[in-house]
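S.K.: Below is a structure I'd like to ask you about.
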Amino acid sequence: MKNEYGKPLTLTLKDLYGDYVVYNSRPSYEDNPWLTTEEAQSDFLTARELIISNMPMIVHEACLTNNVKSLLKLVNVEIPDNIYTYKDRESYENLIQQLTRDNKKIFFQYIHGEHLCEDDLYAVHKSRFIDLNNKSKLDQWTDGKYLPKREIVNSKDFEEKMKSWKLPVVLKPGDELPTAGGYGVMICYNEEDLQKAIARIKEATDTKQIIIEQFIEEIENYCVQYAYSEKTGIQYIGAVKQLTDKYGFYNGNINSKEVPKSVIDAGCEIMKKGVEHGYKGVSGFDLLIDKDEQIFAIDLNFRQNGSTSMLLLKERLNKGFHKFLSYHAKGDNTHFINTIKKYIEEGYLYPLSYYDGDYFGKGKVKSRFAGIWHAENESKALEREQSFLEELSKNSE
């Protein structure tokens with residue numbers, strides 16, 4: 001079994017942002033109807049890029065415990081000493097305000113309220129970042145190419161406009177509020193799905209625009225990723241295939257060794273547009289291919305993605321098949337972490353982050369884990385994952 005866990009990374013987030021920027025992947029505590037993650041899940045996200053960062057980060061204390069250290073030690077990784085920590089909303093928002101008072105710039109994965117950070121203290125200016133990630137503005141970054149048939153309508157006119165569309169359709173919020181994991185995407189196959197979407201849209205009273213989009217019957221679903229800094233220029237860092245259910249909810253990623261050049265070139269065109277608008281960092285673009293080999297851009301994420309770590313860590317992983325996914329403890333947290341350790345020690349599971357539920361007291365909060373399955377082929381990796389899941393189920397409540 002290959003073991004190159006200590007091998008230096010050829011690219012880290014520090015190479016893109018430098019030491020003067022603080023990285024923050026936590027969604028804001030403020031309400032967002034299109035990103036209703038649990039508080040624990042939002043805190044868990046703060047450590048996902050810990051290994052690929054090499055730069056100051058904001059991380060929840062539950063992601064930095066002795067249990068976390070014990071997992072990372074198995075792959076010869078130590079928790080960096082340039083971490084800013086918080087434990088709750090008050091300490092988090094106080095930390096953001098203190099950093100900005102010290103004129104630190106912050107790379108936010110998700111926008112925050114003006115009371116927490118001035119626009120020009122975003123590593124990518126807030127207005128530009130909003131423009132780049134606004135689903136209603138895809139045509140600006142694609143030059144009008146690669147787009148499904150779509151219509152951007154006023155929320156109050158949405159039901160009337162839908163009368164001229166045939167199901168299935170895809171519905172998305174058309175404003176600056178971020179979405180993630182497919183939660184803000186509503187795929188409507190039938191009238192029941194449409195009525196559920198209408199109810200959600202009515203509840204999101206601050207959302208002024210809705211995007212009605214052609215449903216694409218995809219053959220392949222790629223997330224192509226690029227990185228840019230003034231020093232490095234634009235780099236294609238790889239692509240993954242996205243695993244989603246029929247309603248678009250995210251179920252992880254697997255690596256993709258053979259990506260059509262047309263897809264890579266399309267993504268590069270989009271990245272160039274973003275760079276021209278002032279973006280620097282990592283981007284991941286969701287590009288579909290249909291049966292006619294036509295490319296469709298359905299989502300542009302000018303920020304790190306769940307699978308970015310998998311791409312940047314590929315030289316430390318077994319050559320072959322890689323799969324990124326996260327898991328929740330189903331029973332006892334001790335059984336959960338011990339099972340994780342077993343598969344890391346086998347050489348098939350690489351840890352990225354661990355949210356230690358025992359930080360809050362024994363049995364009060366379930367732990368969470370993000371990692372990469374890596375093996376010489378898909379069947380071996382999935383066989384080990386299935387074995388892992390069966391062991392976890394034996395201890396479920």
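The values are calculated or read from the model by the stated rules, or taken from the named source; none is laboratory data. Values in this document were obtained by computation on a predicted structure and should not be read as measured data. Cβ atoms come from the backbone with ideal geometry, glycine included; neighbour counts cover every protein chain shown. When the accessible area is computed, the model is the full protein with side chains, heavy atoms only, and any ligands, DNA or RNA have been set aside. Shrake-Rupley method; radii C 1.70, N 1.55, O 1.52, S 1.80 Å.
S.K.: Compute the distance in nm between two label points, each set 7 Å from the Cα along the Cα-to-Cβ direction, one at Tyr247 and one at Glu39.
M.R.: 2.6 nm
S.K.: Same structure, new question: Here are labelled values, (1) 25; (2) 31; (3) 16, and one is the computed percent of Cα pairs over 39 Å apart for what I pasted. Which one?
M.R.: Recomputing percent of Cα pairs over 39 Å apart here picks out (3).
S.K.: A further question follows. Would you compute, from DSSP H runs of 4+ residues alone, the mean residue ellipticity of the chain at 222 nm, taking -39500 (n - 2.57) per run and dividing by the full residue count, rounded to the nearest 500?
M.R.: Numbers: 13 runs with 118 residues, N = 397.
Here the helix-only value at 222 nm equals -8500 deg cm²/dmol.
S.K.: Using a basic spin-label model with each label point 7 Å from the Cα along Cα→Cβ, how many nm lie between Asp88 and Arg128?
M.R.: 3.8 nm
S.K.: If every alpha-carbon in region 211-292 counts as one equal scatterer, what log10 I(q)/I(0) does Debye give at q = 0.12 1/Å?
M.R.: With one equal scatterer per Cα and no solvent, log10 I(q)/I(0) is -0.39.
S.K.: Take the residue pairs Lys105/Lys161; Lys231/Lys380; Lys105/Lys341; Lys135/Lys166; Lys105/Lys137 and return only those whose Cα atoms are more than 32 Å apart. Don't skip to the answer; put the middle values down first.
M.R.: On the way: Lys105/Lys161 42 Å; Lys231/Lys380 39 Å; Lys105/Lys341 36 Å; Lys135/Lys166 21 Å; Lys105/Lys137 26 Å.
Pairs exceeding the cut-off: Lys105/Lys161; Lys231/Lys380; Lys105/Lys341.
S.K.: Along the charge dipole of region 224-330, Cβ charges K/R +1 and D/E -1, which of Ile295, Pro260, Leu311 sits furthest on the positive end?
M.R.: So the residue we want is Leu311.
S.K.: Got a number for carbon plus sulfur as a percent of the chain's accessible area, 1.4 Å probe? It would help to have the intermediate numbers written out before the result.
M.R.: Values: 8000 of 17560 Å².
Carbon and sulfur atoms account for 46 percent of the accessible area of the chain.
S.K.: Please give me the summed charge of the neighbours of Gln140: other residues whose Cβ is under 11 Å from its Cβ, Lys and Arg +1, Asp and Glu -1. If you can, show how the numbers build up before the last one.
M.R.: Values: positive: Lys137, Lys273; negative: Asp131, Asp139, Asp143, Glu276.
Spelling it out: positives minus negatives among the neighbours equals -2.
S.K.: Could you pull out the trypsin sites (Lys or Arg not before Pro) across region 297-397 that fall in loop regions by DSSP (anything but H, G, I, E, B) with no more than 15 other Cβ atoms inside 10 Å? Could the numbers behind the result be given before it?
M.R.: On the way: sites: Arg303, Lys314, Arg316, Lys319, Lys323, Lys330, Lys341, Lys342, Lys362, Lys364, Lys366, Arg368, Lys380, Arg384, Lys394; in loops: Arg303, Lys319, Lys330, Lys362, Lys364, Lys366, Lys394.
Answer in residue order: Lys319, Lys330, Lys362, Lys364, Lys394.
S.K.: GluC sites (Glu not before Pro), restricted to region 286-393: which are DSSP loop and have at most 14 other Cβ atoms within 10 Å? Don't jump to the answer; show the numbers that get you there.
M.R.: Numbers: sites: Glu293, Glu315, Glu345, Glu346, Glu376, Glu378, Glu383, Glu385, Glu390, Glu391; in loops: Glu293, Glu376.
Taking region 286-393 and a limit of 14 other Cβ atoms within 10 Å, the loop GluC sites (Glu not before Pro) found are Glu293, Glu376.
S.K.: Measuring from label point to label point, each 7 Å out along Cα→Cβ, what is the Ser393 to Lys196 span in nm?
M.R.: So the two model labels end up 2.4 nm from each other.
S.K.: Tell me, what is the FRET efficiency for Leu147 and Glu203 to the nearest 0.05, using R0 = 25 angstrom and their Cβ-Cβ distance as r? Intermediate values should be presented prior to the final figure.
M.R.: Details: r = 28 Å, r/R0 = 1.11.
Once the sixth-power term is evaluated, E becomes 0.35.
S.K.: What whole-number value in Å² describes the accessible area per residue of region 55-159 for a 1.4 Å probe? If you can, show how the numbers build up before the last one.
M.R.: Numbers: 5010 Å² over 105 residues.
Per-residue accessible area for region 55-159 comes out at 48 Å².
S.K.: If you filter region 53-96 for GluC sites (Glu not before Pro), then keep DSSP loop positions with at most 16 other Cβ within 10 Å, what is left? Display every interim value, and only then the final one.
M.R.: Details: sites: Glu61, Glu78, Glu90, Glu93; in loops: Glu78.
Those satisfying the criteria are Glu78.
S.K.: Translational diffusion coefficient, Stokes-Einstein: compute it for region 338-397 using the Kirkwood radius over C-alpha pairs as Rh, at 20 °C and 1.002 mPa s, and state it as an integer in µm² s⁻¹.
M.R.: Numbers: Rh = 12.5 Å.
Translational D for this selection: 171 µm²/s.
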